[in-house]
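Structure first, then comments.
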Amino acid sequence: MSASLEERIQRLYDDTTGGWVDVWGEHLHHGYYASEEPAKDHLQAQIDMVDALLDWAGGTANETVTRVLDAGCGVGGSARHLARRFGARVDGLTLSPVQKRIAEDLNETAGTQEQVRIQVADANHAPFEDASFDIVWSLESGEHMPDKKAFLTECLRVLRPGGRLILATWCHRPEGTPLTSRERQHLEKISAAYGRSLTWVPLTEYEAHLAELPVRDVRSDDWSNTVRPFWSAVIRSVFTPQGLRALVAGGWSMAKGAWGGLYMRSGIQSGLVRYVVLTAVKEGES
Ligand code: SAH
């Protein structure tokens, strides 16, 4: 019997997270590189991504943010950053028990174990009551979700009226002209490298769903240019003693992930793969 999507995602992150954290650190997402900036440290670029996304989403500066949901939290890199930035309690969801364990160790080191709580649970059936959160944050987990509308609907269910959804995700290019079979194969290769865990859609699909959901102030943008240097940096990091050790220790999943990085890099370069950001406010009075 073939593994379910959830099992494949769990396995992908159970197998590869330790190696990634050793080589790279606690953030499992792209870095943000503004074009006018000098070359910068890649961990810094990842922290900058969190702040740049919050600043772009706006509307959170003057609001009291006491509870945040990080839907697809990895080892809690951005969850801890959000907890500090807002002085908020952050609940993180991941499908990987290994990520939860690493996240809890990192929370202990950072002294954030009270503020940041991690659970192994499906973000499409989030174990929270309606209207629990001021912000729902999804940084590079949407690409794993098989049904984007169901995921957005669930994010909005747990968001309070007036609360803000903030999402950054991998998409494919808009289909002004339909994707070619070569482009489809390229996307398939990326998904295969990441445990057949990705469901590719264009940004317009998210926009169409949001148009049918109870939200206002919807904004979106294509940030592919801001992440362009990222995969080259990842690929370079594999060819360091630490990177090669992680590659050997992580076995086949890790090797495939590194291979997937090459396809991600060329996909972003050619414009096939897009890094998109979206934000919206849930309708209703806060
Ligand atoms: N946002 C984190 C991690 C990104 S990696 C960071 O930026 O560091 C993608 C994460 O999404 C992983 O933690 C994976 O377990 C999680 N994920 C994917 N599908 C999920 C689902 N259905 N429910 C909960 N978490 C999910």
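What follows draws every value from the coordinates through simple rules; no lab data is involved. It should be emphasised that the depicted structure is a prediction, and the values quoted were computed from it without experimental measurement. Ideal geometry is used to build each Cβ from the backbone, glycine not excepted, and the neighbour counts take in all protein chains shown.
Defining a contact as two alpha carbons under 8 Å apart and six or more residues distant in sequence, what relative contact order in percent does segment 190-275 show?
It rounds to 44 percent for segment 190-275.
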Run through the DSSP bridge list for the chain and note the antiparallel percent, rounded to the nearest 5.
-> 45 percent
Here, GluC sites (Glu not before Pro) of segment 3-87 satisfying both criteria (DSSP loop; at most 10 other Cβ within 10 Å) are Glu36
Do any GluC sites (Glu not before Pro) in segment 80-150 lie in a loop, going by DSSP, with at most 10 other beta-carbon atoms within 10 Å of their beta carbon, and if so which?
-> Glu114, Glu129
Full-extension gain in nm, Thr109 to Glu212, via 0.36 nm per residue minus C-alpha separation = 32.8 nm
Based only on Cα atoms, what Rg/Rh ratio does segment 65-194 have, Rh being taken as Kirkwood's radius?
-> 1.03
Kirkwood-type radius of segment 192-245, with distances r between different C-alpha atoms, in Å | 14.8 Å
Tell me which lysines have Cα within less than 28 Å of Lys282's Cα, excluding those fewer than 8 residues away on the same chain?
-> Lys148, Lys149
Kindly put Cys155, Cys73 in sequence by how many other C-beta atoms sit within 10 Å of each C-beta, fewest to most.
-> Cys155, Cys73
The chain: Rg/Rh from Cα coordinates, Kirkwood Rh?
-> 0.94
Any residue on another chain or 5+ positions along whose placed amide H is under 5 Å from the amide H of Val201 is listed here as His172
Dipole check, segment 62-144, charges on Cβ (K,R +1; D,E -1), about Cα centroid: among Ser138, Gln113, Ala123 the Cα furthest to the positive pole belongs to Gln113
Expressed as a rounded percentage, what relative contact order does segment 20-143 have, with Cα pairs under 8 Å and six or more residues apart?
-> 26 percent
Counting each DSSP H run of 4 or more residues in the chain as -39500 (n - 2.57), what helix-only mean residue ellipticity at 222 nm follows after dividing by all residues, to the nearest 500 deg cm²/dmol?
-> -15000 deg cm²/dmol
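Below 8 Å between Cα atoms, with a sequence gap of 6+, how large is the relative contact order for the chain in percent?
Details: 513 pairs, mean separation 64.0, N = 286.
Here the relative contact order equals 22 percent.
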Can you list the aspartates and glutamates whose alpha carbon is less than 19 Å from that of Lys256, not counting same-chain residues fewer than 8 positions off?
-> Glu6, Glu7, Asp14, Asp15, Asp22, Glu140, Glu143, Glu188
